[in-house]
Amino acid sequence: MSGFPLPFRLALRVLGALKVLGLRPGEPLLPRLLFMGADSGEAVDALRRIRSVSDWVREWTALGEKHEEFGRQAVDGGDSVGAVESLTRAVAYLRVAEYLEADDQARRRLWTHLVAVSALVAEHSTPRVVRRDIPVPTLLSLPGTDGPAPCVLTLGGVDGVKEEFFGLLAAYAARGWAGVALDLPGQGELRRFGGVPWRADAETVVSEVIDGLVKTPEIDPERIVVVGGSAGGYFALRIAATDHRIAGCAVISAPVRLLDVYASAPEPIPRTMRYNLKAESAEAAREALRAFDVEPLLGDITCPVLQIHGGRDGTVPIGQSEPVRTVLGDLVQTVVYPDGDHMCFNHRPAWEATLRGWLTERFTHQRRMPCSNP
């Protein structure tokens, strides 16, 4: 298997279930696809037709191209809402197709196509989503409300990309919040096009993004909250510890040590991590990941933290939540779903409601000044 092995690749060969991302034996593939933006009916029909890896790439690419055509027709007809809906679906399907494309050149073509369609989504979104490179590829949505708006900065996981968060940016804008999604080093465009690897101190890059955000008149510099899932939660904790402009930090299934994840997570997650690192071998990956440890920095966090974990998460075991609780004490609110899988997809409505309520509380009042941990 050539190229970088993102999670769908081996998963398709494991009884049709994404066990490698936390799904328990026997759980269907469908919930993952719906989370990524697939339509349930189209996803079921596509899965029924797929019998091979080549079928997978062909079916999802065709669906992406179909919705792209719908979107372009809507643009021509002046229907911006319909255009965004169809084009967003096209982005989701092209991304699913790319997961199982093993040929590097074909994968690059798919990703180039995906980025081009996502630019159309950004252009026709209301409020408009703006692409900025400050200094990494970033999507910014401003709600258009009176006065500076609070802002949610979203960080993706091991194979996270900014394009998967268009729907989230729209949901935040509907609440009067600005939204930001970005590609960290080792992810998205930076890795696929530029060969830029993961770095343990990616918080320095995020701080540069925040430098740009606080200069944006439409954003309240006192109400910027970072949210991260899985490995994105690790990076979220690091930025909360090192940049006290952050007013709050929410993490879902966040590890404090990525080396532990590399050792415990099922394949192909470790292989994906090697790709992110540009590591030539397992030993090189382990050596590089020794620096990916947020635990020594936890004592520097001064903002409120929400952490959500699943008790049956085999990718980021529940024990990774303990250092955060131990060090931060009353600053942290921990929500545990005893039967929750990785990212607690089987409790998604519940934890999303919790997260929305927590964000609302953070944004209702101006952030407090940094103080010492209790």
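For residue 113, the solvent-accessible surface computed with a 1.4 Å probe is close to 50 Å², ligands and nucleic acids excluded. In the full protein context, segment 124-192 carries 32 Å² of accessible surface per residue, based on a 1.4 Å probe and ignoring ligands, DNA and RNA.
What the phi angles of segment 107-112 give under the Karplus curve with 6.51, -1.76 and 1.60, with θ = phi - 60°, is a coupling list of 5, 5, 4, 4, 5, 4 Hz, glycine and proline written as x.
Radius of gyration (Cα atoms) of segment 297-341, expressed as a multiple of 2.2 N^0.38 Å: 1.16. For segment 33-72, the fraction of 1.4 Å probe accessible surface lying on carbon and sulfur atoms is 53 percent.
Probing with 1.4 Å while keeping every protein chain in the model, the per residue accessible area of segment 201-248 equals 26 Å².
With one equal scatterer per alpha carbon and no solvent term, the Debye-computed log10 I(q)/I(0) for segment 63-132 at 0.15, 0.16, 0.20, 0.28 1/Å reads -0.46, -0.52, -0.74, -1.16.
Where the accessible area of segment 185-316 is counted over protein heavy atoms with a 1.4 Å probe, how much of it, in %, is carbon and sulfur? Exposed carbon and sulfur together represent 49 percent of the surface. Dividing the summed helix terms, -39500 (n - 2.57) for each DSSP H run of n ≥ 4, by the number of residues in the chain produces a 222 nm estimate of -14000 deg cm²/dmol to the nearest 500. Binning the alpha carbon pair distances of segment 81-224 at 10 angstrom intervals from zero yields the distribution 12, 42, 34, 11, 1, expressed in whole percent. With a Förster radius of 22 Å applied to the beta-carbon distance between residue 244 and residue 333, the computed FRET efficiency rounds to 0.70. Taking amide H as placed 1.01 Å from N in the peptide plane, residue 155 has its amide H under 5 Å from the amide H of 227, 228, 229, each at least 5 places away in sequence or on another chain.
All Cα-Cα separations within segment 236-286 were binned at 10 Å from zero, giving a P(r) of 23, 40, 28, 10, each value a whole percent of the pairs.
Two numbers describe the Cα atoms of segment 44-165: Rg and Dmax, which are 15.9, 53 Å. Computed from the C-beta positions of residue 66 and residue 300, the FRET efficiency with R₀ = 45 Å rounds to 0.35. Volume of the convex hull of segment 273-374 (Cα atoms only), normalised per residue: 134 Å³.
With Cα atoms as the point set, the radius of gyration and Dmax of segment 248-333 evaluate to 13.9, 42 Å. How would segment 152-279 be classified by its alpha-carbon gyration tensor: rounded, prolate or oblate, with rounded meaning a/c under 1.5 and the a/b versus b/c comparison settling the rest? Verdict is prolate for segment 152-279. Direction-averaged projected area, Cα convex hull, the chain: 17.2 nm², rounded to one decimal.
The values are calculated or read from the model by the stated rules, or taken from the named source; none is laboratory data. Not measured: the values here are computed from a predicted model. Methodologically, a virtual Cβ is constructed for each residue, glycine included, from the backbone with ideal geometry; neighbour enumeration extends over all protein chains shown. The protein model used for the area step is the full one, side chains on, heavy atoms only, and it has no ligands, DNA or RNA in it. Shrake-Rupley method; radii C 1.70, N 1.55, O 1.52, S 1.80 Å.
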